[in-house]
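Report on one structure; see the data block that follows.
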Amino acid sequence: MGFWHTGYMEFHEPEDFDFTVDPSPPSYPCEHCGKTYLSKEALWKHRFEAHPLRRPVMFLRGRELGTHPVRITRRLAQEDVRVEGCDCATINGRDISVSSLPSFIADVSFDVCKVVLSKSDVRVNFELDIRIASESDLEGIEKQFRKMAIGGRLDTRAIEEFILTVDVFKSAIGYCDGLCAYLYGILAKEKASDSSLKYEAYISRFNKAAENLSVYERPLARTITSMVDFHFNHFREAANKSGASRIGRVANRYAFWIESPNHKSAMQNAGNEFFSPLETLVTDWETEQILRWGNRPLKDLKEETDEIESFLIRDLAEFDKVKLHILLGELYVLSGDLERALSHARAVRNLPSLERWAEALISKISEDIEDNA
């Protein structure tokens, strides 16, 4: 994984390694129709005009909350909390005026706030698990993470030592839990000899990592969650989180293929090779290979189809095989090898998220074969 398998540290000084990344601008999706907006105000206007209130609702930083518990790790400002469609409120059983609810929540540093909003006979429950992580604790965990990476060893013992060193950073323990879940998942996925986890356990570890880290607005957390999204083939989500980084460009490329399957050009000109120490740090070996191919123009990959095909028949995760089928399908269409392109489209046509791409490719190939008959 990352620096542990690329040899990057052998040729670079530690000061080259930082925790910066250029994220995409923030976006605010509507929970009801999926449209996204560039500001909280635009989302609220859409929400109340296009989806009239039928029940009390609560927004945190522009996101409408559901009924599942929400963990909050960054201090809220009063304007970050908004409620609509209610005339009564309680917090942990205590009555509170609706107008004072935002300021009350913004003052909480560490507590579970069970909020009930009601209007007439309609009551809606929300649970806010507020654990404000201090900047010093977050930086302390990242400093130890750097040391582990510079040590050049990723195994169970290295992770256990990391856990011991960050135990003093109590307010950010959830950050540590998310990082460790991902690291243990990598060991399972790479079938490390000292890992006690079964191979398939990496899926639950990746999901836990994404859940724990999604609440931390940190470059390291965002990079890992985008990596998890990319692995599970949630390409648009990965692209939105990663901005101009390599994984962001490759994820955007896959999203383009899937969302615009009738395109005439298969995005032949991908971005130039881009190296991010932070991104490479948390990339498992198989994903690293896929990113290297996925970041190159298709015309430059024509001579590497045999290598990619050989990689595909390895003992890979099914999620990774899907990426290779898509890449090879697009590559063979470009090179004119329609029969091979057809085989890769058929391999994923039964996956709901790829049905449109596969059927479009199959249809195009069939038309081309008929025209050439």
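The values are calculated or read from the model by the stated rules, or taken from the named source; none is laboratory data. Please read these numbers as outputs of a predicted model, since none were measured by experiment. So basically every Cβ, Gly included, is an ideal-geometry build from the backbone, and we count neighbours across all protein chains shown.
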| query | Which of the residues spanning the range 286-301 are over 18 Å from the mean Cα position of the chain (by Cα) and either part of a helix (DSSP H, G or I) or outside the structural domain of Gly336 (by TED's automatic domain parsing) (or both)? | reply | Gln289, Arg292, Trp293, Leu298, Lys299, Asp300, Leu301
| note | Quick count over the range 299-317, residues being closer than 24 Å to Ser260 by Cβ and among the charged types (D, E, K, R), is 3
| Taking the range 96-153 only, how many residues are acidic (Asp, Glu), farther than 22 Å from Glu217 by Cα and at pLDDT 95 or above? | 0
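So which of Leu220, Leu197, Leu179 is buried (at least 17 other Cβ atoms within 10 Å of the Cβ), part of a loop (DSSP other than H, G, I, E, B) and either at negative phi or touching a residue at least 60 places away in the same chain (Cβ under 8 Å) (or both)?
Leu197
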| Test result for Ile91, at pLDDT 95 or above and touching a Leu at 6+ places or on another chain (Cβ under 8 Å) | yes
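Would you call Val124 over 29 Å from Phe169 (Cα atoms), without any contact (Cβ under 8 Å) to a residue 60 or more places away in the chain, out of contact with any helix residue (DSSP H, G or I) (no Cβ under 6 Å at 6 or more places or on another chain) and surrounded by 17 or more Cβ atoms within 10 Å (Cβ to Cβ)?
So Val124 does not fit the description; no.
For the range 147-175, which positions are touching a residue at least 24 places away in the same chain (Cβ under 8 Å), buried (at least 16 other Cβ atoms within 10 Å of the Cβ) and under 19 Å from Asp284 (Cα atoms)? Lay out the reasoning, then the answer.
Of the residues in the range 147-175, the ones touching a residue at least 24 places away in the same chain (Cβ under 8 Å) are 149-150, 152-157, 159, 166, 168-172, 174-175.
Next cut, buried (at least 16 other Cβ atoms within 10 Å of the Cβ) only: 149, 154, 156, 159, 166, 169, 171-172, 174-175.
Ala149, Leu154, Thr156, Ile159, listed by residue number.
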| remark: Of the conditions (1) at pLDDT 90 or above; (2) small (Gly, Ala, Ser); (3) under 20 Å from Lys35 (Cα atoms), the single one that Ser260 does not satisfy is (1)
